[in-house]
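Worksheet: one structure, shown below.
Readers should treat all values here as calculations from the given coordinates under stated rules, not as data from a laboratory. It should be emphasised that the depicted structure is a prediction, and the values quoted were computed from it without experimental measurement. All Cβ positions, glycine included, derive from the backbone under ideal geometry; neighbour counts span all protein chains shown.
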Amino acid sequence: MPRKIAARRSPIHGTGVFALVDLPKGTRVIEYKGRLLTHRQADRLYADDGETGHTFLFTLNDRYIVDGNVDGNVARWINHGCDPSCETVIEEDEGGDRRRDRIFVETVRDVAAGEELTYDYHITLEVPHTARLKKIWTCRCGAANCTGTMLAPKRGRRKA
């Protein structure tokens with residue numbers, strides 16, 4: 001079976017993942033793999049309050065995180081984009097075992113061979129989004145609708 005994607009230098013940031021063949025909308029491209037951690041374990045190992053601007057941690061569910069730093073695959077190199085070509089889909093284990101839930105990357109539109117794959121990271125930080133944090137988490141996707149940050153918008157409080 002021919003490879004569909006490959007990692008190489010990205011104009012967005014560092015390493016990116018590119019389509020080697022045309023990928024129709026709805027194509028399941030790859031599973032995001034890595035070491036399974038609880039949220040508490042991830043907090044202990046990577047306790048930086050979002051100060052690094054770089055992570056391979058992917059929230060799987062309310063109990064677990066997938067750490068692409070350890071035993072990860074090429075999916076960890078897919079960059080953030082504000083006008084993404086892909087989305088991530090969580091597939092829950094049919095038996096209800098939260099450890100067996102899986103993360104897949106699927107195309108949301110047709111992707112041409114040679115095009116870089118992106119998805120919206122939806123990075124959520126519990127701390128206030130200061131100018132310093134926004135700079136750390138700067139988006140470089142170059143899309144016409146670029147928000148300038150990889151951080152998900154804070155949800156405002158509703159007024160009564």
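Sorting 139, 86, 146 from the fewest to the most surrounding beta carbons within 10 angstrom yields 146, 139, 86.
First check a/c for the range 5-136, with a ≥ b ≥ c the square roots of the eigenvalues of its C-alpha gyration tensor; if it is under 1.5, answer rounded, and if not, answer prolate when a/b is larger than b/c or oblate otherwise. Here the range 5-136 falls in the oblate category.
Averaging the sequence gap over all C-alpha pairs within less than 8 Å and six or more residues apart, then dividing by the number of residues, gives the chain a relative contact order of 27 percent.
Placing a label point 7 Å from the Cα of residue 41 along the Cα-to-Cβ direction, the residues of the range 65-109 with a backbone N closer than 13 Å are 65-71, 99-100.
Relative to one another, the C-alpha centroids of the range 123-146 and the range 68-84 are positioned 17 Å apart.
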